Structure formats: structure tokens, C-alpha cells
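Please read the structure below before turning to the comments.
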Amino acid sequence: MGRPRRSNPRLCEMPGCTDKHYAKGQCKLHYFRSWRSKEHKSNAREEEEASKKNALS
Ligand SMILES: [Zn+2]
């Protein structure tokens, strides 16, 4: 006893980031950022169509 026990010593693996680990080796911010960019890629075509429609109207 007396030894400080860190339950989650992992940190974000992104270079220059010292935030606590959240998932997949990344902190919450970077994890959701990469997750959202993946979503964005899959929806890229739809967004392109939408922007075309906006440009027309
Ligand atoms: Zn991070």
C-alpha cells in the first residue's frame, strides 16, 4: 500500500497530444475527430450533391 495506482495511465498516441487515452490509442478529441472524418468520407458524395443543389437554387 501507499503506492499511487493509476487506473488509466495511457495517453493519447497522437504526436504532441498529452490528453488521456479514450479509445483506439487516442484521446476523446482525436478519437471522435478520426471517427467523424471517416463518416465524412463515406458521405462525401452526398454532401457534394447537396452543395450542387444549393448552388443551383
Ligand atoms: Zn489526442
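Counting Lys and Arg as +1 and Asp and Glu as -1 over every other residue whose Cβ lies under 12 Å from the Cβ of Cys12, the net charge comes to +3. Peptide packing: for 24-34, 10-20, the average count of neighbouring Cβ atoms within 10 Å per residue gives the ranking 24-34, 10-20, highest mean first.
A short reminder: the numbers here are calculations on the coordinates, not readings from a lab. Note that the structure is a prediction, hence the values are computed from the model and not measured. Counting neighbours? That spans all protein chains shown, and the Cβs are built from the backbone with ideal geometry, glycine included.
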